[in-house]
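In what follows, a structure is listed as structure tokens, so that the remarks can point back to it.
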């Protein structure tokens, strides 16, 4: 995670799926003076964060529907996905591409890109993201880090036994 932060200059988060949401379990802060406020142990929405959407996209189909049916969609920004149909379309695209993007969906000035991490059994239980403030990088700029992020996520998967 530190190497990824050093390569991108941005904050890197690690999250774990806990059944209905994802929980921040590690964070490596950007070295820049303006930082992103997230705390280890806090939770993130599954439907409007890159960390959550990538885990959700790789869940088993029957579990995805149960999870989404129990979600309460709140509209945080004009970009927030706010219904099941749109979320299912987004998850299909994410699964095909192998990464997820939060394009100012949870907060107006924050964008993220995330990749999935498999546990020792092969399940997608974790995710890792690169997060940036709009004043430093636009969401389109994060795509430049996609391959590096996915590669690092695969290395972590291998390191934990996948």
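Computed from the coordinates by the stated procedures, all read-outs in this text should not be read as laboratory data. Note that the structure is predicted; figures quoted are calculated from it, not measured. Positions of Cβ are generated from backbone atoms using ideal geometry, with glycine treated the same way; all protein chains shown enter the neighbour counts.
Between residue 119 and residue 28, 0.36 nm times their residue separation minus their Cα-Cα distance comes to what?
Using 0.36 nm per residue and subtracting the Cα-Cα distance, I get 30.7 nm.
Of the listed peptides 62-71, 147-156, 80-89, 121-130, what is their order by residue-averaged count of other C-beta atoms within 10 Å, with the highest listed first? If you can, show how the numbers build up before the last one.
Details: 62-71: 13.1, 147-156: 16.7, 80-89: 14.7, 121-130: 21.1.
Descending packing order for the listed peptides: 121-130, 147-156, 80-89, 62-71.
Against the 2.2 N^0.38 Å scaling, with N counting residues, where does the chain land? I'd like the Cα-based Rg ratio to two decimal places.
Against the empirical 2.2 N^0.38 Å value, I get 0.95 for the chain.
Can you tell me the mean projection area, over all orientations, of the convex hull of segment 1-56's alpha carbons? Units nm², please.
Details: hull surface 15.4 nm².
Result: 3.9 nm².
Roughly how many Å is it from the Cα centre of segment 70-95 to that of segment 1-63, as a whole number?
17
Given points 7 Å out from each Cα along the Cα-Cβ axis, report the residue 75 to residue 93 separation in nanometres with one decimal.
Once both label points are built, they end up 1.9 nm from each other.
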